[in-house]
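Worksheet for the structure shown next.
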Amino acid sequence: MSTSRFKIISPADLIDYRERAGEIADASWPEFMLHDPVADENWHELFDRFVDYQFALLDTETGRMAAMGNSLPFYWDKGISDLPEGGWDWVFLKAIEDHRRSTKPNIQSAIQINIHPDYRSQGLSARMVRAMRLIGQSRGFKHLVAPVRPSQKSAYPLTSIDDYIRWTDDEGLPFDAWLRVHARMGAKIVKPCHNAMTIPGTRLEWEAWTGMKFPQSGQYAIPGALNPMEMNLEKDEGIYIEPNVWMVHEIG
């Protein structure tokens, strides 16, 4: 499939942009990943406050949205190595708070790049990363940081994220395909963010999200999860804490 058929668009280019983007998310993520409280409460802020940092890739032959990218700006006055354990949830809330306080941002963070399953393995990931980098460059930022979700870790939920990011392929690049996309474009692994996203739910909610049963309290390996989920029947609560990996692109 020729990549020339795709073009970068903004939310202003499609009346139903958000609905189409939502369809990509629904087709791509495990159901439980759609129930992060920070995302559920604040997703609209990407378009209300940071619309210029959102974009998508349109298949001009079919009119379908093939991929979407979300990022936001925030202010950071410490070293990149000091980025916090909170990762994805933290940076989302930090950007919103900075905007509310009229704090001028000086760094860009990726939130997600999501390729529709029908368009994967066609070289679109790198194009999306380049498009995201250009947004930050156009605003004079020196860094694009990303709390990257190493998607292949779901096959190794019992392996710590600290060990996983040290795995490499035959070329010495990261073992994980999504980490490798960033690395090939010059991004460096900074460190894990162990508490990037926290998703709580009742027993019934987790059963609906996963199609599994939870007969007793304890840890469960959930399809699509990077770590085990902890179920506490006494509290009627299961909690999944997702680890991500802070990576940094030099863009300025």
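The values are calculated or read from the model by the stated rules, or taken from the named source; none is laboratory data. Small disclaimer: the values here were computed from a predicted structure and weren't measured. All Cβ positions, glycine included, derive from the backbone under ideal geometry; neighbour counts span all protein chains shown. Surface accessibility is based on the protein's heavy atoms, side chains included, excluding ligands, DNA and RNA. Shrake-Rupley method; radii C 1.70, N 1.55, O 1.52, S 1.80 Å.
Quick notes
- Which listed residue is out of contact with any Cys (no Cβ under 9 Å at 6 or more places or on another chain), within 17 Å of residue 242 (Cα to Cα) and among the small types (Gly, Ala, Ser), from 196, 208: 196
- For the range 216-224, the condition of being open to solvent by 40 Å² or more (accessible area, probe 1.4 Å), part of a strand (DSSP E or B) and closer than 22 Å to residue 94 by Cα holds for none of the residues.
- Within the range 48-57, at least one residue is more than 12 Å from residue 114 (Cα to Cα), of a type outside the set (S, T, N, Q) and under 15 Å from the mean Cα position of the chain (by Cα).
- Checked against (1) in a loop (DSSP other than H, G, I, E, B); (2) open to solvent by 30 Å² or more (accessible area, probe 1.4 Å); (3) in contact with a strand residue (DSSP E or B) (Cβ under 9 Å, 6 or more places away or on another chain); (4) in contact (Cβ under 8 Å) with a residue 40 or more places away in the chain, residue 212 meets all criteria but (4).
- Residues being among the hydrophobic types (A, V, I, L, M, F, W, C) and either under 12 Å from residue 251 (Cα atoms) or assigned to a helix (DSSP H, G or I) (or both) - total across the range 105-140: 9
- When residues of the range 28-59 are limited to those that are open to solvent by less than 70 Å² (accessible area, probe 1.4 Å) and acidic (Asp, Glu), the one farthest from residue 206 (Cα to Cα): 59
- Candidate set from the range 141-183 (those that are acidic (Asp, Glu) and either surrounded by 15 or more Cβ atoms within 10 Å (Cβ to Cβ) or touching a strand residue (DSSP E or B) at 6+ places or on another chain (Cβ under 7 Å) (or both)); member that is nearest to residue 250 (Cα to Cα): 176
- Any hit, the range 112-132, residues being among the polar types (S, T, N, Q), more than 15 Å from residue 244 (Cβ to Cβ) and modelled with pLDDT of 95 or more: no
- Whenever a residue of the range 96-120 is among the β-branched types (Val, Ile, Thr), its partners that are open to solvent by 80 Å² or more (accessible area, probe 1.4 Å) and not in a strand (DSSP E or B), lying with C-beta atoms within less than 7 angstrom and at least six residues away or across chains, give the pairs 103/75.
- Filter result (open to solvent by 80 Å² or more (accessible area, probe 1.4 Å) and either among the basic types (Lys, Arg) or closer than 20 Å to residue 150 by Cα (or both)) within the range 225-249: 235
- Note on the range 109-119: among residues that are of a type outside the set (A, V, I, L, M) and within 16 Å of the chain's Cα centre (by Cα), the one that is farthest from residue 95 (Cα to Cα) is 117.
- For residue 139, the stated conditions do not hold, so it cannot be described as within 24 Å of residue 242 (Cβ to Cβ) and not hydrophobic (A, V, I, L, M, F, W, C).
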